[in-house]
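Got a structure here, written out as structure tokens. Questions coming.
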Amino acid sequence: MQPIKGISAAILLAGFGLAVAAPSQAGSLSANVSTTNNYIWRGLTQTENEAAVQGGIDYAADSGFYVGTWVSNVNYGPSDVYSYEHDMYAGYAFAAGGMTFDVGYLYYNYDSEANFDFGEVYATVGLGGFSFSGYFLTNTEADEGPDQDFEAFGTYYLSADYGFEIGNGIELGLHVGYHDGDFAEAFNGSDDGYFDYNISLAKGGFGFMITDTDVSGPAADGGYDNDEIKFVVSYSVDVDMM
């Protein structure tokens, strides 16, 4: 579920399963399509380490307001009812004092049988090649289990990213994030909060990422293997529509 984030980080990490692409240019309508050998979200595979095809449409106004939608196939196991993820988001991005700011709302929609749709508010602050983001659960249709609390702001994801060009048009990205809260544990199948970290290279539409986590519980079991290093290759195409 790919991130609303700073423009530089979006360029570096697009197509690596962070689910939402940041707006491209003010006053523009654009589309994107990508394929990847593994859809990774917050360090965890969303396709049992299989391939995914993804795409979306974004509109960004001159004012800094943007809205968009994004979709990907997902697979959480042979007996699950999930087949797709459809994200809808809207936000406002602006610059001030040499820094960039981005705030908004993101809604994750899945097959109706799953009954696990949820929404988050987010905020990103960027300075140079650095960006810092926070995503906070606001609502979900999922039912709480014993000793679980899906209250607003009780589950969160915090991340830090740094991106820069290393030459010949090649962009290097560094990322670390932390996901915690009862809803994160229920959705991810994790025993506790966990860290994820990756390093990525991108040029043109091609991307390569090495990613790992310290997750434990069912999320680390066979079929997911989210506690092992993963190598992700992707290719994306962006199309200006207006």
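The values are calculated or read from the model by the stated rules, or taken from the named source; none is laboratory data. Source: prediction; values computed, not measured. With ideal geometry, Cβ positions are generated from the backbone for all residues, glycine too; neighbour counts draw on all protein chains shown. The protein model used for the area step is the full one, side chains on, heavy atoms only, and it has no ligands, DNA or RNA in it. Shrake-Rupley method; radii C 1.70, N 1.55, O 1.52, S 1.80 Å.
State yes or no: is Ala202 surrounded by fewer than 17 Cβ atoms within 10 Å (Cβ to Cβ) and more than 16 Å from Leu44 (Cβ to Cβ)?
Numbers: surrounded by fewer than 17 Cβ atoms within 10 Å (Cβ to Cβ): no; more than 16 Å from Leu44 (Cβ to Cβ): yes.
Criteria not met by Ala202.
Shifting gears a bit: Do you know which residues across the range 160-171 are under 18 Å from the mean Cα position of the chain (by Cα) and among the hydrophobic types (A, V, I, L, M, F, W, C)? Please lay out each step first, then the result.
From the range 160-171, those under 18 Å from the mean Cα position of the chain (by Cα) are 160-163; that's our starting set.
Ala160, the sole residue that qualifies.
Is one or more of the residues making up the range 216-225 polar (S, T, N, Q), part of a strand (DSSP E or B) and over 20 Å from Tyr108 (Cβ atoms)?
Start the filter on the range 216-225 by keeping residues that are polar (S, T, N, Q), which leaves 216.
So of that shortlist, the ones also part of a strand (DSSP E or B) come out as none.
The answer is no; no qualifying residue exists.
What are the pairs with Cβ atoms under 7 angstrom where one residue, in the range 103-122, is part of a helix (DSSP H, G or I) and the other, located anywhere, is of a type in the set (A, V, I, L, M)? Sequence gap at least six, or different chains.
That search, which allows pairs on different chains as well, returns Glu113/Val81; Ala114/Val81.
Which is in contact (Cβ under 8 Å) with a residue 40 or more places away in the chain and surrounded by fewer than 18 Cβ atoms within 10 Å (Cβ to Cβ), of Gly68, Gly77?
On the way: Gly68 fails: surrounded by fewer than 18 Cβ atoms within 10 Å (Cβ to Cβ).
Residue meeting the stated conditions: Gly77.
Okay, moving on. Give just the number: which of (1) open to solvent by 30 Å² or more (accessible area, probe 1.4 Å); (2) more than 30 Å from Ser79 (Cβ to Cβ); (3) in contact (Cβ under 8 Å) with a residue 24 or more places away in the chain does Asp143 not satisfy?
(2)
Give the number of residues within the range 43-57 that are open to solvent by 10 Å² or more (accessible area, probe 1.4 Å) and not small (Gly, Ala, Ser).
Going through the range 43-57 one residue at a time, the tally reaches 5.
Now for a separate question. Restricting to the range 80-102, what's the tally of residues that are open to solvent by 50 Å² or more (accessible area, probe 1.4 Å), part of a loop (DSSP other than H, G, I, E, B) and not β-branched (Val, Ile, Thr)?
Final tally of qualifying residues: 3.
Another question, then. In the range 16-68, which residue that is of a type in the set (A, V, I, L, M, F, W, C) and modelled with pLDDT under 95 is nearest to Leu172 (Cα to Cα)?
Phe16
Can you pull out every residue in the range 210-221 that is in contact with a Lys or Arg (Cβ under 8 Å, 6 or more places away or on another chain) and either of a type in the set (Val, Ile, Thr) or buried (at least 19 other Cβ atoms within 10 Å of the Cβ) (or both)?
Pass one, the range 210-221, residues in contact with a Lys or Arg (Cβ under 8 Å, 6 or more places away or on another chain): 210-212.
Selection gives Ile210, Thr211.
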